[in-house]
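Below is one structure, written out as structure tokens; comments come after it.
The values are calculated or read from the model by the stated rules, or taken from the named source; none is laboratory data. Remember, predicted model here, so these are calculated numbers, not experimental data. Positions of Cβ are generated from backbone atoms using ideal geometry, with glycine treated the same way; all protein chains shown enter the neighbour counts. Heads up: the accessible areas ignore ligands, DNA and RNA and are worked out on the full protein's heavy atoms, side chains in. Shrake-Rupley method; radii C 1.70, N 1.55, O 1.52, S 1.80 Å.
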Amino acid sequence: MPVHQEKKVAQERKHKIIQNDTKASQGQWGRAWEVDWFSLASILFLLMFAPLIVYYFIMSCDQYQCSLTDPLLDLLTGNKHLSDIWNKTPMLTYRAAAIYSLWVTFQVVLYVFLPDFCHKFLPGYVGGVQEGAVTPAGVINKYEINGLQAWIITHVLWFANASCFHLFSPTIIFDNWIPLLWCANILGYAVSTFAMIKGYFFPTNAKDCKFTGNFFYDYMMGIEFNPRIGKWFDFKLFFNGRPGIVAWTLINLSFAAKQQELYGEVTNSMILVNVLQGIYVLDFFWNEAWYLKTIDICHDHFGWYLGWGDCVWLPYLYTLQGLYLVYHPVQLCTAHAVGILMLGLLGYYIFRMTNHQKDLFRRTNGNCRIWGKKPEYIECSYVSRDGTKHHSKLMTSGFWGWARHFNYTGDLMGSLAYCLTCGFEHILPYFYIVYMSILLTHRCVRDEHRCWSKYGKDWKHYTAAVPYRLMPGIF
């Protein structure tokens, strides 16, 4: 072979190796580069049916007293047609549009224009400007952590209105629940579409974008890793935490107010739902800086999955227990109420302490004590897209020695407690534990697949040291 041809072949081989190395390092983060048939089928299913699932659940409560089977039986037996159900569904109203627009605008103002002051007087709270994890392109974004402040201001105004100003009824959310659903869908689809267009034409960081060439996959799973407008408006942080999670506790309060209006009392089951889910929401905002290191921020791109999911799926399906209790008030006996409370608090304790152990371990680089002992760990290394070699430590002691995702186990215990408040008359309120079990198991598998490609043989050593994913001795 002539010398110039040998050089050409060598250059092509070198270029191909560099491309493969770059693609492999990028593949350690975020979603896939290529779409297999199963992923595409799953995405098309979700795009088509997830909005219908939300509508079906909410419609079942509005028209069928929360029965999931009666609508299907009516349709199958011919007692009703789809048009009959649709014609009884409340449509979008100007009132709902005004309420929702004001709500989202208010949360944007609190997020962008009001720097955090809670960290200045709340001991132990980490707020203000914080750094996120390194992105695939090697970028470290800064965030204004002020979610707790937004939650406090919002709820102070809510209670001030309920007790003093009386500008609107505390039942306003329940009274406009389905019209608000259409508003949430409009925002969810609008922000998802905008994020896709932005990823193509004016991304915040082009090196942190992924394109598969498949429209549906890119639309759902997102193109940009961290889409932003200006310096501080981060799409993922805003839509993951606000407006959906701030609204979560307000929605439950509105359901409790409706129960009081209809029946003259608020049942202990409704109080339990408000308390247990309120603890979960407050925990999220108290640890918002820690949230910057979770899979949502560190590995997910921003598309329909997060945009629509946070606007519609989260506020409408995570609050089913409170909605159900408006239609079917349940007064638990003292023993059952205490048992459910203990289950929920134990689940929260495991969830929080497991995450606390990991956070403490990371912050001190392993120079700490877990359960009175120096933590054990596995040394790992990985390479980012820019070719920089990084080192990590994976803890194998404390709760993290029991299972690789024991924080999810605590989360599932809390989820089950929410559902048990509703008794056993209908299956609708148990959708949450079923969904969370599927979601968190899928996250386990997805996270471990990513870690395997990221850490290689080091991950194999880690899984040998901690063999169980969720339940010690079982799974």
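Only aspartates and glutamates eight or more places from Lys393 in sequence, or on another chain, were considered; those with a Cα closer than 14 Å are Asp359, Glu376, Glu379, Asp458.
What number, in percent, do you get for the relative contact order of the range 90-331 if the mean sequence gap of Cα pairs under 8 Å and at least 6 apart is divided by its residue count?
Values: 334 pairs, mean separation 63.3, N = 242.
Rounded, it is 26 percent for the range 90-331.
For the chain, the residue among Tyr377, Thr294, Leu272 whose Cα projects farthest onto the positive side of the dipole built from Cβ charges is Tyr377.
Computed over protein heavy atoms with a 1.4 Å probe, the carbon and sulfur contribution to the accessible area of the range 332-474 reaches 61%.
Here's how it looks for Tyr377: its modeled amide H is under 5 Å from those of Thr396, which are all 5 or more places away or on a different chain. The charge dipole of the chain, taken about its Cα centre with unit charges on the Cβ of Lys, Arg, Asp and Glu (plus for the first two, minus for the last two), comes to roughly 1860 debye. Ordering His391, Thr354, Leu412 by the projection of their Cα atoms onto the charge dipole of the range 332-474, which places +1 on the Cβ of Lys and Arg and -1 on the Cβ of Asp and Glu, puts His391 at the extreme positive end.
Across the range 434-439, computed HN-Hα scalar couplings (Karplus, 6.51 cos²θ - 1.76 cosθ + 1.60, θ = phi - 60°) run 5, 4, 5, 5, 5, 4 Hz from first to last residue, x flagging Gly and Pro. Using the Stokes-Einstein relation with a Kirkwood hydrodynamic radius computed over Cα pairs, the translational diffusion coefficient of the range 402-449 at 37 °C and a viscosity of 0.692 mPa s comes to 285 µm²/s.
Residues in the range 97-102 carry Karplus couplings, in order, of 4, 5, 4, 5, 4, 5 Hz; the curve used is 6.51 cos²θ - 1.76 cosθ + 1.60 with θ = phi - 60°, and Gly or Pro positions show x. Rolling a 1.4 angstrom probe over the protein heavy atoms with all chains in place gives the chain an accessible area of 48 Å² per residue. Mean sequence separation of contacting Cα pairs (under 8 Å, at least six apart), scaled by the length of the chain, corresponds to a relative contact order of 17 percent. In order along the range 338-346, phi translates into HN-Hα couplings of 5, x, 5, 4, 5, 4, x, 5, 5 Hz, rounded to whole numbers, per the Karplus curve 6.51 cos²θ - 1.76 cosθ + 1.60 with θ = phi - 60° and x for Gly and Pro.
Send over the semi-axes of the range 332-474's equivalent ellipsoid, whole angstrom and largest first, taken as the square roots of 5 times the C-alpha gyration tensor eigenvalues. Could you put the intermediate results ahead of the total?
On the way: eigenvalues 228, 67, 27 Å².
So the equivalent ellipsoid measures 34, 18, 12 Å along its semi-axes.
Please give the net charge around Gln277, taking every other residue with its beta carbon less than 14 angstrom from that of Gln277, where Lys and Arg add +1 and Asp and Glu add -1.
Details: positive: none; negative: Asp283, Asp411.
Net charge around Gln277: -2.
If you take the Cα centroid of the range 433-475 and the Cα centroid of the range 143-183, the two points sit 38 Å apart.
Pairs of Cα atoms under 8 Å, at least six residues apart: use those to get the relative contact order of the range 332-474, whole percent. Walk me through the intermediate numbers first.
Numbers: 171 pairs, mean separation 42.8, N = 143.
The value is 30 percent.
Close amide H contacts of Gly456 (hydrogens built in the peptide plane, cut-off under 5 Å, sequence separation of 5 or more or a different chain): none are found.
Translational diffusion of the chain, estimated by Stokes-Einstein from the Kirkwood radius over alpha carbon pairs at 4 °C in a medium of 1.567 mPa s, is 53 µm² per second.
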